[in-house]
Amino acid sequence: MAADTEVGKESESHDVLNLAAELARKYVGEAANRRVGPSGAALAALSELNEPFPDAPSAPADVIRLLDKIGSATTVTTTGGRYFGFVNGGMVRTALAANWLAATWNQNAALRVMSPIAAELEEIVLRWVCEALGLPAECAGGLVTCATMANFTALVTARHAILARAGWDVTVDGMFGAPPIQVVVGAEVHASILKALSLAGFGKKRVTIVEADSQGRMRADKLPGLSERTILCIQAGNVNTGAFDPAGEICKAAKQQGAWVHVDGAFGLWARISRKYEHLTRGFEQADSWATDAHKWPNVGYDSGLAIIRDGAALRASMGMTAAYLEPGSRREPMHHTPESSRRARGVELWAALKSLGRSGLCGLVERTCSHAQRFAQGLRESGCEVLNEVVINQVLVSFGRSEVTREVIRRVQEDGTCWCGGTIWQGKAAMRISVSSWATTEEDVERSLDAILHIAKECRTL
């Protein structure tokens, strides 16, 4: 009887996996034609999920059907070709398939003994990323959730290394009474850097802000006095304009004084893969640490951030931990390179994406999306809209006149569902931000989205 019960459970398990796979394939197949933002009716249906914690079990198939019925309808279709918000990439098909397999494996990527495949792939992809981005071969790194956590990892490592040079062991003595560290950022610094600095114990009074130019680039001629106890944060790709800080000039000044240079390169750092756009990124290889996302331009899917550090010993000293049951092996152990210990094997889909794309495929993705951004800018200008930035890579900022009109255009575009674009404030003015980041975006997607935006903008100009 018990055996029959177990056979039944095994059969039910296969059934629910087959159902989930069928529904997932259906979602993928429809992504190109789905509305991008969910409808009002779909959002209202979310209330059906708001119930007390169930007393009894539910049939697995019923759970998955309900999740698909309500959940799929209330997703934002970031996997399609007409999502242009928040510099969110799509997810290349090989990465998606690898994600399914990795979820099935359910590996803990903390230690090599816990998952040899997770540890091996993590080591490989870190080397591949350094090769692709032209970063020093001796760099160490770790896979984290996002650029915010990558920035945090790098800044904590910088803090550790700088204080060690001053004779202070922060892992033993903490931060109370430690020699002061100066932090320098640009006026258009991304909020993730400020959050990471706060988490690392640097208050606002420790941060010196450097004037930026009209595109958000840090002005090298406005740098304050630097020293060996300075952390200088620069940007590869401003989140609004796509602009790059003048890294060569800034790094030269920093190195003369022994300062640590950290690069927030969440998406822009990947432009180094392209000969067409590599000139924008010259000098960034001279930094001491880098943060980037693979769920943006490489289109690996969420979540996939990378922290890369020139001084591997400093990374391990700041992130390592010891316990009697955590005896490390002789090779690289993932958990000693990130803030987290137990974590999913996110290196699996990163490896799959990079393996499937290769250098030429990744370069093509970057250049194609930048070309789409140029087409957006051209179409908007020709229709009398004001493009506010120099469109150097994949970011377009556009104003439709008064700020209230621009905000209304953004609201109606999101409500319309043809495409999805977000809003921002640029130099005191409301703007729509178009971030073209997905491998799935086609010329047809761009033209269809342009038509929808311009039609809505024309309606709103009468307001």
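The values are calculated or read from the model by the stated rules, or taken from the named source; none is laboratory data. Computed from a prediction, not measured in an experiment: that's the story for all the values here. Note that each Cβ is placed from the backbone with ideal geometry, even for glycine, and that neighbours are counted across all protein chains shown. Heads up: the accessible areas ignore ligands, DNA and RNA and are worked out on the full protein's heavy atoms, side chains in. Shrake-Rupley method; radii C 1.70, N 1.55, O 1.52, S 1.80 Å.
Going by what's in this entry, would Ala352 be described as more than 27 Å from Val446 (Cα to Cα), free of Cβ contacts under 8 Å to residues at least 24 places away in the same chain and small (Gly, Ala, Ser)?
For Ala352, the condition - more than 27 Å from Val446 (Cα to Cα), free of Cβ contacts under 8 Å to residues at least 24 places away in the same chain and small (Gly, Ala, Ser) - is not met.
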Practice item. Please report, ordered by residue number, the helices (runs of 4 or more DSSP H) entirely within the stretch 91-179 with at least 2 residues that are under 20 Å from Arg272 (Cβ atoms) and open to solvent by 40 Å² or more (accessible area, probe 1.4 Å). Key: 116-133
Check your understanding: Among the residues of the stretch 284-338, which ones are open to solvent by 50 Å² or more (accessible area, probe 1.4 Å) and at pLDDT 95 or above?
Key -> Glu285, Gln286, Tyr302, Arg310, Asp311, Ala313, Arg316
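Quick check: anything in the stretch 58-78 under 30 Å from Ser435 (Cα atoms), of a type outside the set (A, V, I, L, M, F, W, C), at pLDDT 95 or above and in contact with a strand residue (DSSP E or B) (Cβ under 9 Å, 6 or more places away or on another chain)?
The first filter runs over the stretch 58-78 and keeps only residues under 30 Å from Ser435 (Cα atoms), leaving 67-78.
Checking which are of a type outside the set (A, V, I, L, M, F, W, C) leaves us with 68-69, 71-72, 74-75, 77-78.
Still in the running and at pLDDT 95 or above: 68-69, 71-72, 74-75, 77-78.
Those left that are additionally in contact with a strand residue (DSSP E or B) (Cβ under 9 Å, 6 or more places away or on another chain): 77-78.
Scanning the stretch 58-78, I find at least one residue that is under 30 Å from Ser435 (Cα atoms), of a type outside the set (A, V, I, L, M, F, W, C), at pLDDT 95 or above and in contact with a strand residue (DSSP E or B) (Cβ under 9 Å, 6 or more places away or on another chain), so the answer is yes.
Yes/no matrix, rows are residues, columns are (1) surrounded by fewer than 16 Cβ atoms within 10 Å (Cβ to Cβ); (2) small (Gly, Ala, Ser):
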position	(1), (2)
Leu365	no, no
His372	no, no
Arg381	yes, no
Cys385	no, no
Ile410	no, no
Ile425	yes, no
Ser437	no, yes
Thr442	yes, no
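So in the stretch 226-262, with the set limited to residues that are in a loop (DSSP other than H, G, I, E, B) and among the polar types (S, T, N, Q), which one is most open to solvent (accessible area, probe 1.4 Å)?
In the first step, residues of the stretch 226-262 are kept if they are in a loop (DSSP other than H, G, I, E, B); the result is 226-229, 237-243, 245-246, 258-259.
With the extra rule that they be among the polar types (S, T, N, Q), the set shrinks to 227, 238, 240-241.
Values: Ser227: 48, Asn238: 2, Asn240: 15, Thr241: 0 Å².
The selected residue is Ser227.
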Check your understanding: Just wondering, is there one or more residues in the stretch 382-391 that are farther than 30 Å from Gly142 by Cβ, not hydrophobic (A, V, I, L, M, F, W, C) and not in a loop (DSSP other than H, G, I, E, B)?
Key -> yes
Point to revise | Where a residue in the stretch 181-192 is within 14 Å of His262 (Cα to Cα) and its partner, wherever it lies, is surrounded by fewer than 23 Cβ atoms within 10 Å (Cβ to Cβ) and at pLDDT below 95, with Cβ under 6 Å and at least six apart | key: Val183/Phe202; Val183/Arg206
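Would it be correct to say that Arg359 is modelled with pLDDT of 95 or more, part of a helix (DSSP H, G or I), open to solvent by 10 Å² or more (accessible area, probe 1.4 Å) and under 29 Å from Ala200 (Cβ atoms)?
On the way: modelled with pLDDT of 95 or more: yes; part of a helix (DSSP H, G or I): yes; open to solvent by 10 Å² or more (accessible area, probe 1.4 Å): yes; under 29 Å from Ala200 (Cβ atoms): no.
No; evaluated as a whole, the condition is false for this residue.
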Review point. Is it true that some residue in the stretch 189-206 is part of a helix (DSSP H, G or I) and among the polar types (S, T, N, Q)?
Key: yes
Practice item. Can you run down the residue pairs with Cβ atoms below 8 Å, 6 or more apart or on separate chains, where the first is in the stretch 213-224 and free of Cβ contacts under 8 Å to residues at least 60 places away in the same chain and over 20 Å from Val391 (Cβ atoms) and the partner is surrounded by fewer than 16 Cβ atoms within 10 Å (Cβ to Cβ) and of a type in the set (Val, Ile, Thr)? Key: Pro224/Thr208
